[in-house]
Amino acid sequence: MDQFFNTLNGNEIPILKWFASLHNPVTDPIMYVITKLGDKGILWILLGLLMLTVLPKRYRKVGLTVALALIFSVIMCNGVMKNVCQRVRPFNFDNSLFDTQLYNVFASIDDWSFPSGHTSASFAAAFAIILWNKREGVCAMIMAALIALSRLYLNVHYPTDVLVSLILGSIYGILAYVIIKAILNKSEKLKAIFINGESYKTIFTKKIS
């Protein structure tokens, strides 16, 4: 696998250097802020929590789906695939990329490159949203795409890291939607809470109000 990735890495470094050639004082801080929103899935975690607790009750089922999609993503991406593949980061493969570094971003990264956790979590959450709510989902998709693009712009992931993560994250979101929809269709109590908007206390009662 090391030989495979080494060959792939060498072919993809020029693409990252092209992204580095786009760096400028206007888009640099924008891309940095966008990528920070995706750190540890914080944007999507907060959004899911808001849907479950603060936003109108019709978003509860969406928040639940986002939560499950993110769980799939963190287990498969960060827990399994990164440790199995152990692909080195672009800047560790080609030290010349340190000349392109913005905001000392490389120093904060200490895990493997493949796949991209930012991209996986973002598209998992975005698909979980768009399958329930098209309008809000389009906005989520745009943000997910920008986060994915920011990883290339900052030279912290290879293009294939991002591409594969986009596909896998989308699958996690779709899978979460299918599972949550099936569960809600089978459980009257959960349907009452997450679709009809009844109190969370309903789960502890014997009858549905």
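Helix 42-53 axis versus longest C-alpha principal axis of the chain: approximately 10°, rounded to the nearest ten. Annotation: the residues Asp39, Asp111, Asp161, Asp94, sorted from fewest to most other C-beta atoms within 10 Å of their own C-beta, follow the order Asp111, Asp39, Asp94, Asp161. Once the Cα atoms are used to define both axes, helix 27-37 deviates from the longest principal axis of the chain by about 40 degrees.
Every number here is computed from the coordinates shown, using simple stated rules; none is lab data. Note that the structure is predicted; figures quoted are calculated from it, not measured. Glycine gets a Cβ as well: all are built from the backbone with ideal geometry, and neighbour counts include every protein chain shown.
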